[in-house]
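Only one structure is covered here, and it is reproduced in the block below.
Values in this text are rule-based calculations from the coordinates and carry no lab data. Computed from a prediction, not measured in an experiment: that's the story for all the values here. Every residue, glycine among them, receives a Cβ derived from its backbone with ideal geometry; neighbour counts consider all protein chains shown.
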Amino acid sequence: MSTSSSIRVRFAPSPTGMFHVGGARSALFNWAMAAQSGGTLVLRIEDTDASRNSPEWTEGIIRALAWLGMDGGQYEGPYFQSANADKHAAAAATLREQGRAYYCDCAREDVTARTGDQHRGYDGHCRDRGLGPGPGRALRFRTPDEGQTVVVDLLRGKPTFENAALEDFVIARADGSVTFLLANAVDDMSQGITHVVRGEEHLSNAPKQQLLWEALGGAAPVWAHVPVIVNEKRQKLSKRRDKVALEDYRAEGYLAEAMRNYLMLLGWAPSDDREILPWDVMVAEFRIEDVNTSPAFFDVKKLRAINGDYIRMLPVEKFVAECLPFLEAAPFEVDMAVFNELAPLAQTRVALLSEIVPMVDFAFLPEPDFDEQSWTKAMKEPAADILAAAEDAYRDAPWNAEELKNRLEAVGAERGLKLGKTQAPVRVAVTGRTVGLPLFESLEILGRERTLERMAAARAKLTS
Ligand code: GLU
C-alpha cells in the first residue's frame, strides 16, 4: 500500500447485535492502515435497518472500540448512515434519470416462475418496460450486458466478474428505502474513502458497488476483503454457536492489549514468528497486502496464552487495578492490604483475570470454599495425622514461608513422605483446593491463627 497521507479508510459496522471479534479485527486492520500512513479512519454506523438495529448495540460498538484503544482521537465520526438518507435518495434518483436504474414490479414468485430456479438472480423482465414509480415498485440497477468488472483487491489480485452474470440488483425497495449496496457505496463515495477493508463475505458485493461508484461518477476504491474467521471445526464463527462477543471476552478477563494483539494475528503475521507485538510495532509492520486469504482460525488457547503473557508483563500495580472489577464482583469482602501481598504470587499464575477470584478467595472467606474433588484426593490417610503434626510444628514457628516449609518437610520426613504428599492435606485444609498459589507464602500471608484454626477444623471434619 502506498503511504500517501491521503488514504481514507472506514469501519462501517451495522449495530444489529453484540459487537463481535470479526468486526473488531476489521476495525483494527483499518486503524493500523490509517495510523501507519498518517491517513484517516472514519467510523460509520450503518444504522439504516431500523427493524434490526438499536442504540444499545451502537453504544456497545463504541464502548468496545474504546476498550481496544480507539476513541475520538483515532477516528473521524462516528457518522450515522441514517443521517445520509437524502444523499442516498438523490443517488437513486440520479441513476434513474440517467437510465441506469429502472422500476420493477416483479414479485419473487414471478421471477422464479419464469426462470424455473428460485436461486437464480433477477431475469431483467422489467428492464425495458419503462415503468414509472408506484406502489409495489422497486428500483433496480441496470448492470452492463457485456464486459467485465475488475475489482482491485489488495489480498486477492484482480477478482474479475462477468457483467452478464451480475443481476440487476435492487437499489431502492418498493417502500422507498435504499438497500445496503447503494447506501454503503454512496457513503463511501461521499466520505472520500480510498480503501475499503472489510470481511470476505462482502466480496461478491464489490463488483456491484464498483459499478455504482462508476455510474455515479466516482473512481472506484481499492478493496481488501479479509478472510473469514473459523472455529476449531473449521466452521465460520457464528454468534449462535461460538463465543464471539468482545464484551464476553472482556468479562472473562482478557486484557484489551492482548485481545488487540491476538485479533491482528487473525490473517496476518509479522515476518518472523513473533506473537507478542506492542501496538506501535503492529502499526509499523502491518501490511494489508500480507494478509492471508485462507480462513483464520480463532484459537482460544493461543489467545489465552497471549493473555497470560500480557498479564505477566503488567507492573504489579496495574495488575491489581485490572483485577479490581473482578474482586468487586466476588462474593466476599477483599482486604486490599492482603490482596496486595497476594497479587505478585497470583500474577504469574493466571491466564485470565477472572481466575484471580478462586485463587485468592481463601484469604477472604471465613472458611475455605472446599472443592469436593480436591478434598477426596488430599484428605485420605494419613491426612489427619499430618495435619495434627503440622499444627504442633507450626504453633511456635517463626512465621515465615521458609520456616513453614522446613517444618512441614520435617513432618513428612518423619513419616517417609515427600513434601508434595505432606503438603496436599495442608493446602486443602487451608485453601480448599489442591492447586493454587505457592502454599507457604500463602500461609505466611494468612497468618498463624487462621492457619492453625483451619487445619484443626479440617482434622475435626476428618475424624468425626
Ligand atoms: N455494515 C456492513 C457490515 O457490517 C458494512 C460492510 C462494509 O464494510 O462495507 O457488514
Relative to the longest principal Cα axis of the chain, at what angle does helix 419-431 sit, 0 to 90 degrees, rounded to 10? 70
Report for the chain the percent antiparallel among DSSP-assigned beta bridges with both residues inside it, nearest 5. 45
Amide H to amide H, which residues 5 or more places from Gln148 or on other chains are under 5 Å from it, using H placed in the peptide plane? Asn163
Of the peptides 124-134, 441-451, how do they stack up when ordered by the mean number of other Cβ atoms within 10 Å, highest first? 441-451, 124-134
Under a crude label model (7 Å from the Cα following the beta-carbon direction), how far is Arg234 from Ala305 in nanometres? 2.2
So if I place +1 on the C-beta of Lys and Arg and -1 on the C-beta of Asp and Glu, and nothing else carries charge, what would the dipole magnitude of the chain be about its Cα centre? I want it in debye, nearest 20. 1020
Quick one: Karplus J couplings for the range 236-252, per residue in order, coefficients 6.51, -1.76, 1.60, θ = phi - 60°, nearest Hz, x for Gly and Pro? 4, 4, 9, 6, 7, 9, 10, 7, 10, 6, 4, 4, 5, 5, 4, 5, 7
1/(1 + (r/R0)^6) with r = Cβ-Cβ of Leu345 and Ala410, R0 = 30 Å, i.e. FRET efficiency to nearest 0.05, evaluates to 0.80
How large is ³J(HN,Hα), in whole Hz, for each residue of the range 448-464 in order, when computed from phi with the Karplus curve 6.51 cos²θ - 1.76 cosθ + 1.60 and θ = phi - 60°, using x for Gly and Pro? 4, 4, 5, 4, 5, 4, 5, 5, 5, 5, 5, 5, 4, 5, 6, 9, 7
Could you tell me which residue out of Ala93, Met33, Cys106 lies farthest along the dipole of the chain toward its positive end? Charges go on the beta carbon: Lys and Arg +1, Asp and Glu -1, centred on the Cα centre. Cys106
If you count the DSSP beta bridges with both ends in the range 1-139, what percent of them are antiparallel, to the nearest 5? 20
Whole number please: convex hull volume per residue of the Cα set in the range 407-464, in Å³? 82
Cα-based helix-to-principal-axis angle, 336-347 vs the chain, degrees rounded to 10: 70
Quick check on packing: order 161-167, 136-142 by the mean number of other C-beta atoms within 10 Å, highest mean leading. 136-142, 161-167
Partner lysines whose C-alpha sits under 21 Å from that of Lys243, ignoring same-chain residues fewer than 8 away, are Lys233, Lys301, Lys302
Checking the cross-link filter: which lysines have an alpha carbon closer than 16 Å to that of Lys158, excluding same-chain neighbours under 8 positions apart? Lys208
I need the fraction of alpha carbon pairs in the range 225-303 separated by more than 18 Å, rounded to a whole percent. 44
Label-point separation (nm) for Leu131 and Arg274, each offset 7 Å from Cα along Cα-to-Cβ? 5.9
Could you work out how far helix 55-67 tilts from the main Cα principal axis of the chain, as a 0 to 90 degree angle to the nearest 10? 60
R0 of 51 Å, Cβ-Cβ distance Glu146-Ser51: FRET efficiency to nearest 0.05: 0.85
Suppose we keep just the alpha-carbon trace of the chain; what are its Rg and Dmax in angstrom? 30.9, 102
What is the antiparallel percent of DSSP beta bridges lying wholly in the range 125-271, to the nearest 5? 55
Here the range 354-361 yields Karplus 3J(HN,Hα) values (6.51, -1.76, 1.60; θ = phi - 60°; whole Hz; Gly and Pro given as x) of 5, 5, 4, 4, x, 7, 10, 4
Provide Rg and Dmax in Å for the range 335-383, with only Cα atoms included in the calculation. 13.2, 37
Dipole axis of the chain (+1 Lys, Arg; -1 Asp, Glu on Cβ), positive-most option in Thr48, Ile306, Gly69: Thr48
Label Phe370 and Ala284 with points 7 Å out from Cα along Cα→Cβ: what is the distance between them in nm? 5.7
To the nearest 20 debye, what is the magnitude of the charge dipole of the range 16-67 about its Cα centre, counting +1 on the Cβ of each Lys and Arg and -1 on the Cβ of each Asp and Glu? 200
About the Cα centre, charge dipole magnitude for the range 214-259 (Lys/Arg +1, Asp/Glu -1 at Cβ), debye: 340
